[in-house]
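Heads up, the thing below is written out as C-alpha cells.
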Amino acid sequence: MKRRQLLLGAATVLCGTVAAPASVLAADPWPAKPVTVIVPFPAGGGTDAFARPLANQLSKQTGKQFVVDNRGGAGGTLGASLAAKAAPDGYTFLIGGAHHAIAPAMYKKLDYDIEKDLIPVALIATPPQVVVVNPKVPVSTLQELVRYAKQHPGKLNYGSAGNGSSHHLAGEQFKGITKTFITHIPYKGAGPALSDLIAGQVDLMFDGLGSSAQHIRSGRIKALAVAAPRRSPAFPNVPTAAEAGVPGYEVSTWYAVFAPKGTPKEIVERMHSEVQKALATPELKQTWLNNGSETPNLSQEQFATFVGSEVKRWAQVAQASGAKLD
C-alpha cells in the first residue's frame, strides 16, 4: 500500500512537471519582456521618423517596452545582418526598407538574404523621395537646378544615407535622366547627411520626405520637387518632378518590420496585428501625414510578394543607372 502511494505521488509530481510549460506559456504570453527594434541607421533619418512613433505606440498597446536600437553602417546592411542573426524568439525585429531591397544589387557579398533570412511582417510607410537643397544653392526650381548642374559639372554634390541606399540610387537615376554630373557623398545614414546639408557641407539630397519634412517646414532646407506621380498632401505647394520639368523621375521609398527567420508564426502574426492596430490610431495617422506618407494596409502575404518584386525592380534600376559603390 505504501509503495502504491509513493508511485501515485511520483506520477502526480511528473504530471505537474510536464504541464508546467503550458501553464507558464498561458500565464506569460508574448511580449513578456522588452522588445528590441533594430533601426539600421543613425538617429535622425527617415527610418527613425517612422520607427520611433511606431515603437512608442506598440509599447502603449502591449504594456511592454519596444526599444529602438540604432545600428548604422554599410548602407543599412550592418543592422539587417544583426537582425537576421538574432535569436528568433520574438524579441528582436528590424525596421528595414527599400535600402535592403537595393542591397543585393549593390553589395557582392552580403552575409544575409533579405528573402530567406528575414520574415516580412508588415509594411509601415511609403513616403516619396524629395529633391532638397541648401538655401545657399542659387536655384529655386528643379529646372534651375538642372541648368546650374550642366553649367557647372561636378561643382554640386549630393549626400546620401550611404552607398547602395535609396538616396544613392535616386541621385544616380536623376543624373541619368537629366544628363548631369553631381558628385555623390555617402554618409552612414540620412541623419548625418541631413545635418551636413543644413550646414551647407553638401548642396542637395534626394531624400525620403519623412526625414526632410521638419527641415523643409523650418526653412533650413528647400524642397524643389517630389519624385512622385502626385503632390504630397503634406506639402501641396511642392510640385512633382514631372510638373517641375523632369518627367519620368519617380522614386518612392518604404519602411517595414521584419523578423529573424524561425520566429514563431504566432508571434509574427501577433506583431503584424499590433502594427496594423498602431497604424490605425489617429496619432500615427497624423504623424505619417506630417511626414508625407500614406498609411499602407497590406496582408503579410501581400507584403512578402511586394518585397520580392522590389528586389527585382531595384536590380533593374541599379543596372540602368550604372550606380556603383564609391
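Worth pointing out:
- Where a residue in segment 60-79 is under 13 Å from Y91 (Cα atoms) and its partner, wherever it lies, is in a helix (DSSP H, G or I) and open to solvent by 70 Å² or more (accessible area, probe 1.4 Å), with Cβ under 8 Å and at least six apart: F66/N56; V68/R52
- Taken over segment 56-65, the criterion of being outside any loop (DSSP other than H, G, I, E, B) and open to solvent by 10 Å² or more (accessible area, probe 1.4 Å) is satisfied by N56, Q57, S59, K60, Q61, T62.
- Taken over segment 183-212, the criterion of being among the hydrophobic types (A, V, I, L, M, F, W, C) and touching a Lys or Arg at 6+ places or on another chain (Cβ under 8 Å) is satisfied by I198 alone.
- Some residue of segment 81-99 being surrounded by 17 or more Cβ atoms within 10 Å (Cβ to Cβ), of a type in the set (A, V, I, L, M), modelled with pLDDT under 95 and within 15 Å of the chain's Cα centre (by Cα): yes
- Of all the residues in segment 34-55, those that are open to solvent by less than 10 Å² (accessible area, probe 1.4 Å), of a type outside the set (A, V, I, L, M, F, W, C) and in a strand (DSSP E or B) number 0.
- Close pairs (9 angstrom Cβ cut-off, 6 or more residues apart or separate chains): over 20 Å from I221 (Cβ atoms) in segment 137-159, among the polar types (S, T, N, Q) anywhere: K150/T178; K150/T180; P153/T180; G154/T183
- Some residue of segment 227-241 being among the polar types (S, T, N, Q), surrounded by 19 or more Cβ atoms within 10 Å (Cβ to Cβ) and modelled with pLDDT of 95 or more: yes
- Any chance R217 is closer than 26 Å to N290 by Cα, of a type outside the set (S, T, N, Q) and without any contact (Cβ under 8 Å) to a residue 40 or more places away in the chain: yes
- Unmet criterion (only one of (1) of a type in the set (S, T, N, Q); (2) within 16 Å of W254 (Cα to Cα); (3) in contact with a helix residue (DSSP H, G or I) (Cβ under 6 Å, 6 or more places away or on another chain); (4) open to solvent by 10 Å² or more (accessible area, probe 1.4 Å)) for Q129: (4)
- Residue in segment 210-219 that is farther than 23 Å from L169 by Cα, at pLDDT 95 or above, buried (at least 17 other Cβ atoms within 10 Å of the Cβ) and out of contact with any Gly (no Cβ under 6 Å at 6 or more places or on another chain) present: no
- Qualifying positions in segment 75-114 - closer than 15 Å to V35 by Cα and of a type in the set (D, E, K, R): D89
- Some residue of segment 202-212 being more than 21 Å from the chain's Cα centre (by Cα) and assigned to a loop (DSSP other than H, G, I, E, B): yes
- Among residues of segment 267-281 that are more than 15 Å from Q302 (Cα to Cα), those with a beta-carbon under 7 Å from a residue that is open to solvent by 20 Å² or more (accessible area, probe 1.4 Å) and not in a helix (DSSP H, G or I) at least six positions away or on a different chain give the pairs I267/W30; R270/W30; L279/T295.
- Residues that are loosely packed, with under 13 Cβ neighbours inside 10 Å, closer than 14 Å to P88 by Cα and either polar (S, T, N, Q) or touching a Pro at 6+ places or on another chain (Cβ under 9 Å) (or both), drawn from segment 259-286: G262
- Looking only at residues of segment 287-298 that are in contact (Cβ under 8 Å) with a residue 24 or more places away in the chain and open to solvent by 40 Å² or more (accessible area, probe 1.4 Å), we find that the one that is farthest from E269 (Cα to Cα) is N290.
- Residue check, V275 assigned to a helix (DSSP H, G or I), hydrophobic (A, V, I, L, M, F, W, C) and at pLDDT 95 or above: yes
- Figure legend. Inter-residue proximity from segment 315-326: first residues more than 16 Å from G162 (Cα to Cα) and open to solvent by less than 70 Å² (accessible area, probe 1.4 Å), second residues among the small types (G, A, S) and in a loop (DSSP other than H, G, I, E, B), beta-carbon distance below 9 Å, spacing 6+ or different chains. Indicated pairs: V317/A323.
The values are calculated or read from the model by the stated rules, or taken from the named source; none is laboratory data. Note that this is a predicted model, so its numbers are computed, not measured. So basically every Cβ, Gly included, is an ideal-geometry build from the backbone, and we count neighbours across all protein chains shown. Heads up: the accessible areas ignore ligands, DNA and RNA and are worked out on the full protein's heavy atoms, side chains in. Shrake-Rupley method; radii C 1.70, N 1.55, O 1.52, S 1.80 Å.
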